[in-house]
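> First, the structure itself, so that you have it in front of you.
The values are calculated or read from the model by the stated rules, or taken from the named source; none is laboratory data. Worth saying up front: this structure is predicted, and the values here are computed from it rather than measured. Counting neighbours? That spans all protein chains shown, and the Cβs are built from the backbone with ideal geometry, glycine included.
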Amino acid sequence: MKKINIILISLLLIATLVFSGCGKKYVCADGSETSAKENCPYDKIATIRDRDAENSAENYVKGYLRNADETYTIVNTYREQGDYYTEIIISSKDGSLTYESLIKVDGRTASPECVKGCDFIEQKSDSIGEGTLSGNLILTSGDCMPYICDDDVDNCSNPNCIVRGVSGVLKIRDVTSSDDISNVYLNDNKPDLIDTVTSYRNGSFSIVLPTGEYSVFVVDDGKEYCNTFNEGKACSFEISNGQETMYDISIDKAVY
């Protein structure tokens, strides 16, 4: 009888442990409860500064106001779930039209988009034919010679080869022939300058441009750098009406 009681007590303890494990709950940072910690919601972490986000939103709006009879006023910029939002009032100089717009700026890439009060921007884009150029300025530097890794190392890469986004000045010109490039630099035969934009510290940039085909150059020690060629054109891209064109620009300063 005593032996049976011991067995019963043991089974009861095992059952208690099993059911208590099944009922375990995790309290997430937002106060919600879940049965597994990996189910907790995590907000995106912004990697750009508040001022950079506001500048991105301002440049986005200024691009649509180019040569237009409108002005703008930044009311507020705030962060929510890893992204930034800038409230901007756009109005005609005679006061006849006013738009209360909200520009969302990605907290990681600094790419802007209008999410509220976008009638003015959409109408302007339709009337003059404009689109957006967005991308990243990427610098490769250091010793990027072939690197031998141990067999047990996953995702082997040369630790001395550095690839990162950087801040830099980009010049947008009329589409340029590759014949006008000498050793990755634009020669004195420079096509017309359309616009200029500066990338953020993480390398991201965005600018509104009229529809058409262009070339983009990176200012490097006072010269204009381009190392990509296609069909006889240097660092070329196309802007379509109301569309976003993604174009990453690389500067290669590595040793191979």
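> Tell me, which residue of the stretch 73-107 that is surrounded by 13 or more Cβ atoms within 10 Å (Cβ to Cβ) and of a type in the set (Phe, Trp, Tyr) is farthest from ILE45 (Cα to Cα)?
TYR99
> Can you say whether LYS233 is basic (Lys, Arg), free of Cβ contacts under 8 Å to residues at least 40 places away in the same chain and either in the same structural domain as GLU113 (by TED's automatic domain parsing) or farther than 19 Å from VAL163 by Cα (or both), as far as the supplied structure shows?
Judged against the criteria, LYS233 is not a match.
Here's the yes/no breakdown for (1) surrounded by fewer than 17 Cβ atoms within 10 Å (Cβ to Cβ); (2) touching a residue at least 12 places away in the same chain (Cβ under 8 Å):
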site	(1), (2)
ILE148	yes, no
VAL163	yes, yes
VAL166	yes, yes
ARG173	no, yes
THR176	no, yes
ASN183	yes, no
LEU186	no, yes
SER199	no, yes
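> Among the candidates ASP252, ASP143, which residue alone is surrounded by fewer than 16 Cβ atoms within 10 Å (Cβ to Cβ) and more than 22 Å from the chain's Cα centre (by Cα)?
Numbers: ASP252 fails: more than 22 Å from the chain's Cα centre (by Cα).
Result of the check over ASP252, ASP143: ASP143.
> Would you be able to tell me the number of residues in the stretch 174-194 that are among the small types (Gly, Ala, Ser) and either within 20 Å of ILE239 (Cα to Cα) or modelled with pLDDT of 95 or more (or both)?
Number satisfying all stated conditions: 2.
> Name the single residue that is farthest from THR140 (Cα to Cα) among those in the stretch 234-256 being in a strand (DSSP E or B) and hydroxyl-bearing (Ser, Thr, Tyr). Explain how you work it out, then say what you get.
Step one: list which residues in the stretch 234-256 are in a strand (DSSP E or B), which gives 234, 236-239, 244-246, 249-252, 255.
Next, only the ones that are hydroxyl-bearing (Ser, Thr, Tyr) stay: 236, 245, 250.
Details: SER236: 21, THR245: 23, SER250: 7 Å.
Restricting to residues being in a strand (DSSP E or B) and hydroxyl-bearing (Ser, Thr, Tyr), the top hit is THR245.
> Any idea how many residues of the stretch 83-106 are under 20 Å from ASP52 (Cα atoms) and of a type in the set (S, T, N, Q)?
2
> Would you mention how many residues in the stretch 56-87 are among the hydroxyl-bearing types (Ser, Thr, Tyr), touching a helix residue (DSSP H, G or I) at 6+ places or on another chain (Cβ under 8 Å) and either under 22 Å from SER134 (Cα atoms) or assigned by TED's automatic domain parsing to the domain that holds PRO210 (or both)?
Counting residues in the stretch 56-87 that are among the hydroxyl-bearing types (Ser, Thr, Tyr), touching a helix residue (DSSP H, G or I) at 6+ places or on another chain (Cβ under 8 Å) and either under 22 Å from SER134 (Cα atoms) or assigned by TED's automatic domain parsing to the domain that holds PRO210 (or both) gives 4.
> Then there's this: Looking at the stretch 87-112, which of its residues are part of a strand (DSSP E or B) and either more than 23 Å from MET246 (Cα to Cα) or over 16 Å from the mean Cα position of the chain (by Cα) (or both)? Steps first, please.
Going through the stretch 87-112, the residues part of a strand (DSSP E or B) turn out to be 87-92, 98-105, 112.
GLU87, ILE88, ILE89, ILE90, SER91, SER92, THR98, TYR99, GLU100, SER101, LEU102 - these are the residues of the stretch 87-112 that are part of a strand (DSSP E or B) and either more than 23 Å from MET246 (Cα to Cα) or over 16 Å from the mean Cα position of the chain (by Cα) (or both).
> While we're looking at this one, here's another question. Can you list the strands (runs of 3 or more DSSP E) found entirely within the stretch 133-233 that contain at least 1 residues being acidic (Asp, Glu)? Don't jump to the end; show me each part of the working.
On the way: elements: 161-165, 169-174, 193-198, 204-210, 212-220, 223-225.
Of the strands (runs of 3 or more DSSP E) lying wholly inside the stretch 133-233, those with at least 1 residues that are acidic (Asp, Glu) span 169-174, 193-198, 212-220, 223-225.
> Within the stretch 112-142, track down each residue that is at pLDDT below 85 and either in contact with a helix residue (DSSP H, G or I) (Cβ under 6 Å, 6 or more places away or on another chain) or over 27 Å from TYR78 (Cα atoms) (or both).
Within the stretch 112-142, ILE121, LYS124, ASP126, SER127, ILE128, GLY129, GLU130 qualify.
> Quick one: ALA15 ticks every box in (1) modelled with pLDDT under 65; (2) under 18 Å from the mean Cα position of the chain (by Cα) except a single one, so which number is it?
(2)
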